[in-house]
1. Of the cross-linked pairs B:LYS95/B:LYS261; A:LYS157/B:LYS236; B:LYS8/B:LYS250; B:LYS21/B:LYS190, which ones have a Cα-Cα span greater than 31 Å in the structure shown?
2. So which aspartates and glutamates pass the test for B:LYS11, namely a Cα distance under 15 Å, with those fewer than 8 places away in the same chain ruled out?
3. Could you identify which residue out of B:GLU243, B:GLU25, B:GLU36 has the top mean-square fluctuation in a GNM of chain B using Cα springs shorter than 10 Å?
4. List the aspartates and glutamates whose Cα lies under 14 Å from the Cα of B:LYS158, skipping any in the same chain that are fewer than 8 positions away.
5. Report the full-extension gain for the segment B:ARG257 to B:HIS137: residue separation times 0.36 nm, less the Cα-Cα distance, to one decimal in nm.
6. Express in whole angstrom the spacing between the alpha-carbon centres of segment B:1-66 and segment B:122-167.
7. Would you mind telling me which residue in A:TRP64, A:TRP31, A:TRP194 has the biggest mean-square fluctuation in a Gaussian network model of chain A, where springs connect alpha carbons within a distance under 10 angstrom?
8. Taking a virtual spin label 7 Å from the Cα of B:GLU222 along the C-beta vector, which residues in segment B:26-43 bring their backbone nitrogen under 16 Å of it?
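Read-outs throughout are calculated quantities, based only on the coordinates presented, and are distinct from any laboratory measurement. On a predicted model such as this, the values are computed, not experimentally measured, just so you know. No Cβ is skipped: glycine too gets one built from the backbone with ideal geometry, and neighbour counts run over all protein chains shown.
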Amino acid sequence: MRQLYEFLEQDNRSAGFARVAISTLAVLLVWQLVSMLVTNRLLLVPPAEVAAALVKEVESGAMWTNAVATVTAVVTSFIVSVAIGVAVGLALASSRVLSLTGGPVLSALNSVPIIALAPLFIAWLGLGFASKFVLVIMVAVFPVVVTTEAGLRATDKQLVEAARSFNATPLQIFSTVTFPYALPFIVSGIRVAWARALVGIVVAEFFGSFAGFGFAILSASQTFDTARVLGYVIMLGAMGLIGSVLFATLERRLAPWRQE
Amino acid sequence: MSDAIRLKVEKIDKVFKRRDKPSVEALRSIDMSVAEGEFVSIVGASGSGKSTLLRIIDGLIAPSGGRVLVDGRAVDKPGPDRAMVFQQDSLLPWKTVVDNVAYGLTLAGTRRADAERTAQRFIDIAGLQGFEHHYPHQLSGGMRQRVNVARALAVNPKILLLDEPFAALDAQTREIMQTELLSIWQETRKTVLLITHQIDEAVFLSDRVIVFSARPGTIREEIPVTLPRPRTLELKRSPAFVELVDHIWKLIEAEVRAGIKQS
Ligand SMILES: Nc1ncnc2c1ncn2[C@@H]1O[C@H](COP(=O)(O)OP(=O)(O)O)[C@@H](O)[C@H]1O
Ligand SMILES: [Mg+2]
């Protein structure tokens, strides 16, 4: 028991996998127990039934269709959000005037629940890719803008001075000091953006689309197919988890000195 | 040591103007020169403008008056003829030791392979063999300062500017670093201008010690150090050494004490 405990505390890959496995098992166990108490199958179904529903979706080909629709839409809009977010953050960090005038607008937009505008976007842009694209960008871009600007501004003055002492040009100062220093900040913004992008895509698909995980969840719940609803929610959860682990790892890789 | 003047500082003044606050006169009428291959130290109370003078010589900030000459030519911005080792940690934390040492060279456009070969030479001189691929956060304070010195030497400057390079180190490490700096200096024959608040460090290393007065910084006295070279740590226990340290301490004691009361 003691050995297991020490193993789980380690900071390596196999211990990490073991931790994820244990917490997944724990969730499944609790879920199983609760579903034995709550016997109304409209409200909750046990894990095994959800797994069976997922298998059925895969066999019918519906899983593949929905996955392609959701993943292509969310990945393209996410990549575009990151590109726009970094570009806007760069502009804000390089111009004081721009930051002072644009900053309040941005933080206002950032605190408005833009997701609530989903019905409007769909009315403007119609059902399909365009409305998903715009809605995801609108929710995912802000964390990247904010962390990019903050990261670029946080730069270590002493490192800039050392670079200047070696006769670095402004461009060299940017590429060898300011930007590498900001990179871990930017990646943490990207991690938040990915989580928001997933929320954005599901909501967009609820309101207007003919394929995708959000569409599938909505149509399953209209036929009271709780197993199928939970199955697709698990798919979304897995996408969120993968992104979060990936970006957290990247953040650590880029800034190993922050661990100490 | 030849008699050619490598570095000349002429009538340097520096006043820091600040918004909404009284301006600070950091330096007043500083005149000094350093011969080629000479090792000169500046000591003075904290806040007496030592770092400011070094930054002006390096070309990082402009003086309010006066000028700096290297080999007779006025300089007003950083250049490859001078390299600085800073008081604060200034290594790039995301670069390995070899990349940090090669940093100045790559900025100057040296090809990567050449830069790395040169870096390796100074890594060897600084006693950093085996740590080439470590990151700064994996090194002790003493090792990090060696990297800083190696990085400055790698660009092959004529003048090495050192701003309290060993201040953050413990006493034993500092003594070791002092003797290593001496042997590097003997090997590379650089002109060195070193700032320190440790009088014994200044005397041990230098051909000449310049004593600053407190704000505004002015030169109070220049003291030649004629102790024989090569010097070993035993020198620090000789009567001549102790006497010289004591003399300099008396020159600045009152100001250092006043400075302690102020802060
Ligand atoms: N950028 C600056 N703006 C305003 N005052 C400064 C600036 N840099 C240094 N000073 C002031 O100039 C004086 C000399 O500072 P410094 O050169 O760092 O002294 P030292 O290195 O001898 O301790 C101090 O009073 C300090 O507060
Ligand atoms: Mg200083």
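1. Numbers: B:LYS95/B:LYS261 41 Å; A:LYS157/B:LYS236 37 Å; B:LYS8/B:LYS250 28 Å; B:LYS21/B:LYS190 41 Å.
Cα-Cα > 31 Å for B:LYS95/B:LYS261; A:LYS157/B:LYS236; B:LYS21/B:LYS190; rest within.
2. B:GLU25, B:ASP31, B:ASP76
3. So, out of B:GLU243, B:GLU25, B:GLU36, the one fluctuating most is B:GLU243.
4. Here the aspartates and glutamates satisfying the reach criterion relative to B:LYS158 are B:GLU36, B:GLU38, B:ASP58, B:ASP71, B:ASP81, B:GLU187.
5. So the chain would gain 39.6 nm between B:ARG257 and B:HIS137.
6. 24 Å
7. Highest fluctuation of the listed residues: A:TRP31.
8. B:29-43
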